[in-house]
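The values are calculated or read from the model by the stated rules, or taken from the named source; none is laboratory data. All values derive from a computational prediction rather than experimental measurement. Note: ideal-geometry Cβ built from the backbone for every residue, glycine included; neighbour counts use all protein chains shown. The area values use the complete protein model at the heavy-atom level, side chains included, leaving out ligands, DNA and RNA. Shrake-Rupley method; radii C 1.70, N 1.55, O 1.52, S 1.80 Å.
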Amino acid sequence: METLDRPVCASEFRVVQIENQPSFQSLRHLFQVLDYGDFLELAHHILRGDQVIVRGSDVTTVTSILDVLKDLVPDSCCRIIGFSQSYKESFICNFLGLAVGVELPHHIVASDLHVHLDILPPLNSKSSGSPREPHYEDSECSDPLQSYKLQVNSARPRTAETKYPIFLNRLTALLSNEVFSDSTVARALTALKEEWMNKVKVLYKFSQMGHLELPQRNERLTKLQEILLVNHEDLLILQYWRSALSKDYRTHLMQGDRTQ
């Protein structure tokens with residue numbers, strides 16, 4: 001368990017398998033269990049680089065949620081602590097698993113740069129967590145996670161006026177398509193991320209243009225949004241995903257411009 005309390009990159013992270021503790025198998029699996037609106041809020045925070053905190057009593061369930069959520073962003077954008085007994089600041093990790101009962105600092109709860117997911121197991125669960133008031137009835141479905149309650153909270157909850165990025169709209173359309181197999185969804189998600197990473201490269205090259213007056217720069221940025229088929233919320237994603245571009249690749253992009 002000690003190794004779970006240190007940050008690791010996406011490629012090193014593994015789900016901890018413990019007997020009788022259920023796990024999520026894919027992002028689509030989580031999408032099917034989580035309330036639709038809660039999924040939008042959770043994914044929106046993660047896509048733009050906010051810290052996600054998953055809190056629960058079962059190590060397997062907590063680490064499996066972190067494992068599927070990391071698929072939302074490029075691997076190099078992930079710093080993950082799988083399961084800790086104390087809160088870790090976002091500069092240490094942006095994906096954080098916590099034991100049930102760990103209190104969050106007030107400034108974290110009040111910040112809109114964080115989103116929290118609490119896992120409440122069924123009332124008849126043998127989980128080591130503290131007792132909960134009854135929120136739901138036991139489910140007889142084959143998936144035990146359908147009988148869990150997942151609560152998403154943030155300092156600025158979504159409203160009817162909340163605007164979501166085009167990326168997220170396309171993602172939810174993909175995850176809700178019952179015709180696609182799980183493997184097809186996984187491949188399509190990879191392709192969608194690659195498409196947006198190509199937009200990141202274009203945005204990066206735009207940012208390296210010569211100094212422009214603010215009105216002219218804003219005008220060009222608006223035209224760039226139209227060309228890339230993105231909205232303002234997508235720009236926040238693209239700016240965060242710029243960190244996935246390696247220093248060598250950024251140099252390569254700029255050298256390519258000079259040789260043209």
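Scan region 14-23 and give yes if some residue there is open to solvent by less than 10 Å² (accessible area, probe 1.4 Å), at pLDDT 95 or above and touching a helix residue (DSSP H, G or I) at 6+ places or on another chain (Cβ under 7 Å), otherwise no. Checked region 14-23: no residue is open to solvent by less than 10 Å² (accessible area, probe 1.4 Å), at pLDDT 95 or above and touching a helix residue (DSSP H, G or I) at 6+ places or on another chain (Cβ under 7 Å).
Within region 4-33, residues that are in contact (Cβ under 8 Å) with a residue 60 or more places away in the chain and farther than 17 Å from R55 by Cβ sit with their Cβ atoms under 7 Å from residues that are open to solvent by less than 30 Å² (accessible area, probe 1.4 Å) and in a loop (DSSP other than H, G, I, E, B), at 6+ positions apart or across chains, in these pairs: P7/C93; C9/C78; A10/C78.
So which residues in region 4-13 are open to solvent by less than 40 Å² (accessible area, probe 1.4 Å) and within 19 Å of Y87 (Cα to Cα), if there are any at all?
L4, V8, F13
The set of residues in region 58-83 being of a type in the set (S, T, Y) and at pLDDT below 95 consists of S76 alone. Could you check region 29-56 and list, in sequence order, the residues that are over 21 Å from L113 (Cβ atoms) and open to solvent by 20 Å² or more (accessible area, probe 1.4 Å)? Listed by number, the residues that qualify are H29, F31, Q32, V33, D35, Y36. Among the residues of region 161-176, just one is over 17 Å from S26 (Cα atoms), open to solvent by 50 Å² or more (accessible area, probe 1.4 Å) and among the polar types (S, T, N, Q), namely N169. Among the conditions (1) out of contact with any Asp or Glu (no Cβ under 7 Å at 6 or more places or on another chain); (2) touching a residue at least 12 places away in the same chain (Cβ under 8 Å), S147 misses just one, which is (1).
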